[in-house]
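Okay, so here's the structure we're looking at.
The values are calculated or read from the model by the stated rules, or taken from the named source; none is laboratory data. Remember, it's a predicted structure, so these values are computed and weren't measured experimentally. Don't worry about glycine lacking a Cβ; one is built from the backbone with ideal geometry, like all the others, and counts go over all protein chains shown.
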Amino acid sequence: MSWIFLEADDVWCFRDNTPKLVGGSTVMHSLFPPTPSTIQGVVRSLILGESDVDWAAYRQQSTAAAQQLGTLIGHPASNEQEATLGQFSMAGPFLARREVDEIMIYAPMPNDVKRNKEQMEQLFTMQPSRAHHFDSNWPAEALSPLWLNAEESESLDGEQWLSGRNLRAYLQSNAFGKLDASVLYARESRLGIEIDYTVRNAAERMLYQTEFIRPSPGVGLLIWVANAIASAISDQGTLRIGGEGRNAYYCTVPDTEVIYPTRFSSQQSTSQPSPSRLKLVLLTPAFFDGGWQPKAGDVGWSELLGASVSLVSASIGHPQRAGGWDIAARNGRGWHKPIVSYVPAGSVYYFETTEAVEPDRFHSITQTPTEQPLPLDALGYGQFALGTWEWL
Amino acid sequence: MVDEVQQEFLLFSIGPVQSYIGAARRTQDLWLGSQLLSNLAEVGVSRANELGTVIYPVQVDGRWPQSVPNRFVVSVNNGSGASVAKTVTEAIQMAWGLAAAKVQSYFGQLAPENSWSLDWHKQVTNWLEFYWIVWPRQGDYGNAYRQASLALDARKQMRHIPMVAEPGETCSLCGMRKALHGRQNGTRAVAQFWAGVREQPRVTGAELRQNEQLCAICTIKRFAGRSQTYIGRNLLQPTERFPSTSSVAAAGFKAKLLAAWTETGSSVLAHLDAIQGWGPGAPYSEPELSPFLDKLVGEKEGGKRLLKFDGDFFYPESFAEGHLEELLGRVPTIEDVQRSRRAADSLRRLYKQAEQAQIAPPSPYLSILAMDGDRMGRALGQSRSLTQHQQISNALAHFAEEDVPHIVQHEFTGRVIYAGGDDVLALLPIEHALPASNALRLRFSQRMAAAELPHLTASSGLAFGHRTFPLGATMIAARRAEGEAKSGLGRNALAIELIRRSGATDRIGTKWHYTGLENETLDVMDELFDYLLKGALSGKVAYDLEREAVALQGIPSAQEDEIRRLLTRHWQEKPLDTYKLQVVGMATKLAALAQPGRIGIRRLAGWLLLLRFLGRGERE
């Protein structure tokens, strides 16, 4: 198993879906971490760039070398063929930080965590409650509310993260601490102005602000890739990433150096504990054809998790809408990727099950919209951590 | 009479709110987005009131507030809560469906080739979110309401996520849905589709700007006013005369011109003559709706005319050749270019005459105020009965319906976007931002004290942004500042974000009042601002203090002496001995605020920089 760790040379920019306003001032925000779609393009482009294959031949799959590469990382759609991923498979990107001899994963704060309104450092985790039953327009049958017995709690504000160790503590229902995003990265607004190329001067009033991300020293993006993919990448190097093609250093990292939450953090092994009340926390965004969950409900979940499960409750963050631009689409002319509403990382689902749930370490639970040509589960979406929960 | 033993709470919430209102490029977008949601909520509370007793909001003088909050509380007969909720949901959905259909019909006249209808239907159908819960009203009233609130929070944990996967060009206003288009959905085809809409004679620049292409939801926001669309009983108002960002920014300038009409009137009218009939907003058919300015107009000859011109025409850069198309809403001609020079000249003369009346040119910045009551949930959770709950709702309703518009629009030159309960969103020229926010929070506390809640306070966020800066981004900054006032400053506070055109953002804040201090913070800042504005004190004192603040932070005992030294050094009025008392007094007050546990010396330096900015207005 191989990981790739990306670190910024300076700053990065990953535009979110905020529209660039036409005429006059614009503010463009950065999404951080970037979407898996962005990173899969980076990794596949890296492999393509390090090969000797001509890019046009690759797009057309017109030479033997191009076809061989296509078998490995897939290829874009053309008149003759549909887009494929070949053997490409990744998980992430995950925010991560070098900490002495290891690289620690950081997970976004789970959505079911609240804080004390008065003592804001005190954190609570909501729990499903059977005692609190009330009529509501529940989005599905047989759901239980999440509840807190603590007085005066409120949602956390700003961007908060959990280190891999604190994530483990959270999943085990132990005390855990949070880390403010400002420790891991800073958001910098930079002013730019449009150029009027007819006069080769600044266009009047066409100011724009772009938000860049400056990761703190040692902070970067960690991506897991399948072995076949890792073999095609040099041990280290530089690449371009995100808006303005900013520079990044990359290196491959052995699995032994990565602190990544195991499937069942309550135990050292990956076998499932009993009784089977499983809490699933998304580590990367996921798409479901029912919006917040699979349209088929428990049947859908069971299919995704490979075992019969019943959803008991959930805590869902604000939808993350992402689209983007497919540069290889329409024979290289490019085309919009569909705007998709994802369930964001940090969303939590609570299940009960009587069967063993033993997904592979990087098993994904995302579905793929029909408008999307490539399967999202191979692109890093739907990664999750598993823990346990108790009734309130 | 409500039988309290056999009643249950219905808590009902409609969304999306922030993302919808925040998808705003212009003030009109903010206003109509807020109005649309409020009217949908009114449909809901009206229907609920037929089936139960609405506890919050309450009616004022027999009618629902102008801004009905998106979350309301109803008392219903035991066992009927779910069916009431479903009836209310259906009523709102029907109202929304009718409104959307009306705008669709109107838009169909602008874009007759209706292959966009399917996308319209999908986007409109998926848009509204409803969350409701039913909770028994048993035992202690306050505790039952608290539990009901927790139940609604629990329900909202399972947030609605629209099943959206839309390929194609994105809406240029919200970025969340694809833009409507004709048969073809290529980039050029979509642009041509919207160019065709824009060219329709009925479509104004206010409704659709160059290169804009909208989804169904944003199209409704833009065209609902023009299309005579009702939501429930309420006609959505045409938005042309809601002041633009430039008009909000220039409102303070207009007020000063009117106050000094004897000195400025002739040059004002000369400038208006120079731009008369030139483009949209020069003039509008109706004057700007501003009770404050109306009062100043009084009987002044030509004063009313000033209120009919958009604020854009009072900024010299508007007449630059590259901006004329945006100003006029059409491709400028040679005559327009020549006229722009005459307009620039007349504006220069107006500025000069204004300067002689000690009126500075208008600031290009405006402010957005977001205010929210502190610990309202806890206060409502301590209600002893439905009657007391309604009393609180009544106090909130009067605050929102009477106090907020009066303060923002009569005592100052602002405009209320939304005032529902303890939640306020308003636009203000920068010179009125601080006093208006202070007046609002004082009045809020007074209202609550009169409702037997003597210790309730409010926190406010202010964002200052350039008039051409994306309004949605300024609003986000205002909300962020409001959050900082609550969590960063511990409530009963004001936080400010100043988004400079240069790109830097300054953030400062203060408690409204610090224990142990004789003076309220803004009173001290007001006095200091007065000195800066009158030229008694040089604004350079702010830079000197900023430079020294890091070092002074470590020596609180030296701060007062150093502040006094800086004030003395930068005091402009002579002889200094005459003003010694003022200087010493101000130094003492500022030093008190600078102490740890209060504003702190570094943040105090930030305040001085802000006051300097407010006084100079960062003229372009």
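Per-residue answers, yes or no, for (1) part of a loop (DSSP other than H, G, I, E, B); (2) more than 10 Å from chain A (Cβ to nearest Cβ); (3) more than 28 Å from A:ASP16 (Cα to Cα); (4) modelled with pLDDT of 90 or more:
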position	(1), (2), (3), (4)
B:ARG159	yes, no, no, yes
B:PRO162	yes, no, no, no
B:HIS181	yes, yes, no, yes
B:GLN184	yes, yes, no, no
B:GLN192	no, yes, no, yes
B:ARG202	yes, yes, yes, no
B:ARG209	yes, no, no, no
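Here segment A:291-311 is the region considered, the condition is being in a loop (DSSP other than H, G, I, E, B) and of a type in the set (A, V, I, L, M, F, W, C), and the residue that is nearest to B:HIS160 (Cα to Cα) is A:TRP292. So B:PRO136 fits all but one of (1) surrounded by 20 or more Cβ atoms within 10 Å (Cβ to Cβ); (2) facing another protein chain (nearest Cβ under 10 Å); (3) in contact (Cβ under 8 Å) with a residue 12 or more places away in the chain; what number is the exception? (1) is the only condition that B:PRO136 fails. When segment A:106-133 is filtered for residues that are outside any strand (DSSP E or B) and buried (at least 21 other Cβ atoms within 10 Å of the Cβ), the ones remaining, listed by number, are A:MET109, A:PRO110, A:ASN111, A:ASP112, A:MET126. Among the residues of segment B:270-290, the ones that are surrounded by fewer than 17 Cβ atoms within 10 Å (Cβ to Cβ) and either touching a Cys at 6+ places or on another chain (Cβ under 8 Å) or outside any loop (DSSP other than H, G, I, E, B) (or both) come to 2 in all. If you go through segment B:1-35 and pick out every residue that is modelled with pLDDT of 85 or more, within 30 Å of B:ARG384 (Cβ to Cβ) and not charged (D, E, K, R), you end up with 8. Of the residues making up segment A:350-364, those that are surrounded by fewer than 23 Cβ atoms within 10 Å (Cβ to Cβ) and touching a helix residue (DSSP H, G or I) at 6+ places or on another chain (Cβ under 9 Å) number 5.
Screening A:ALA356 against (1) away from chain B (no Cβ under 14 Å); (2) touching a Gly at 6+ places or on another chain (Cβ under 6 Å) leaves a single unmet condition, (2).
Per-residue answers, yes or no, for (1) assigned to a strand (DSSP E or B); (2) in contact with a helix residue (DSSP H, G or I) (Cβ under 8 Å, 6 or more places away or on another chain):
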position	(1), (2)
B:ALA344	no, yes
B:GLN358	no, no
B:MET371	yes, yes
B:SER383	no, yes
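Scanning segment A:140-185 for residues that are part of a loop (DSSP other than H, G, I, E, B), within 13 Å of chain B (Cβ to nearest Cβ), out of contact with any His (no Cβ under 7 Å at 6 or more places or on another chain) and on the phi < 0 side of the Ramachandran plot turns up A:ALA140, A:GLU141, A:LEU143, A:SER144, A:LEU148, A:ASN149, A:ALA150, A:GLU151, A:LEU156, A:ASP157, A:GLU159.
Yes or no, residue by residue, for (1) surrounded by 14 or more Cβ atoms within 10 Å (Cβ to Cβ); (2) at positive phi; (3) in a strand (DSSP E or B):
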position	(1), (2), (3)
A:ARG187	yes, no, yes
A:LEU191	yes, no, yes
A:THR198	no, no, no
A:GLU211	yes, no, yes
A:LEU221	yes, no, yes
A:ALA228	yes, no, no
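Comparison of B:LEU532, B:LEU566, B:LEU545, B:LEU614 shows that the only residue that is in contact with a helix residue (DSSP H, G or I) (Cβ under 9 Å, 6 or more places away or on another chain), closer than 17 Å to B:ILE508 by Cβ and modelled with pLDDT of 90 or more is B:LEU545. Do we find that A:PRO273 is at pLDDT 95 or above and surrounded by fewer than 23 Cβ atoms within 10 Å (Cβ to Cβ) in this structure? No; evaluated as a whole, the condition is false for this residue.
Assigned to a strand (DSSP E or B) and either touching a Lys or Arg at 6+ places or on another chain (Cβ under 9 Å) or modelled with pLDDT under 90 (or both): which single residue out of A:ALA56, A:ALA91, A:ALA77, A:ALA66 fits that description? Explain how you work it out, then say what you get.
Details: A:ALA56 fails: assigned to a strand (DSSP E or B); A:ALA77 fails: assigned to a strand (DSSP E or B); A:ALA66 fails: assigned to a strand (DSSP E or B).
On inspection, the qualifying residue turns out to be A:ALA91.
From the residues in segment A:83-98 that are among the small types (Gly, Ala, Ser) and under 16 Å from A:ALA226 (Cα atoms), which one is surrounded by the fewest Cβ atoms within 10 Å (Cβ to Cβ)? Before you say what the answer is, go through the steps one by one.
If we filter segment A:83-98 for residues that are among the small types (Gly, Ala, Ser), which is where we start, we get A:83, A:86, A:89, A:91-92, A:96.
Among the residues that remain, those that are also under 16 Å from A:ALA226 (Cα atoms) are: A:86, A:89, A:91-92.
Details: A:GLY86: 17, A:SER89: 20, A:ALA91: 27, A:GLY92: 28.
Looking at residues that are among the small types (Gly, Ala, Ser) and under 16 Å from A:ALA226 (Cα atoms), I get A:GLY86.
Exactly one condition in (1) under 15 Å from the mean Cα position of the chain (by Cα); (2) away from chain B (no Cβ under 13 Å) is false for A:VAL343; which is it? A:VAL343 satisfies all of (1) under 15 Å from the mean Cα position of the chain (by Cα); (2) away from chain B (no Cβ under 13 Å) except (2).
Look at (1) out of contact with any Cys (no Cβ under 8 Å at 6 or more places or on another chain); (2) of a type outside the set (Gly, Ala, Ser); (3) within 7 Å of chain A (Cβ to nearest Cβ); (4) under 18 Å from B:SER19 (Cα atoms) and you find that B:ARG155 fails only one, number (4). Scanning segment B:23-65 for residues that are touching a residue at least 40 places away in the same chain (Cβ under 8 Å), over 24 Å from B:ILE133 (Cβ atoms) and surrounded by fewer than 19 Cβ atoms within 10 Å (Cβ to Cβ) turns up just one, B:VAL60. Looking at (1) in a strand (DSSP E or B); (2) aliphatic (A, V, I, L, M); (3) within 14 Å of chain B (Cβ to nearest Cβ), which is the only condition A:ILE103 fails? Only one criterion in (1) in a strand (DSSP E or B); (2) aliphatic (A, V, I, L, M); (3) within 14 Å of chain B (Cβ to nearest Cβ) is unmet by A:ILE103, namely (3). The set of residues in segment B:58-104 that are over 30 Å from B:ASP403 (Cβ atoms) and outside any helix (DSSP H, G or I) comprises B:VAL76, B:ASN77, B:ASN78, B:GLY79, B:SER80. Within segment A:312-323, the set of residues being in a loop (DSSP other than H, G, I, E, B) and either crowded, with 20+ Cβ neighbours inside 10 Å or more than 10 Å from every other protein chain (Cβ to nearest Cβ) (or both) comprises A:ILE316, A:GLY317, A:PRO319, A:GLY323.
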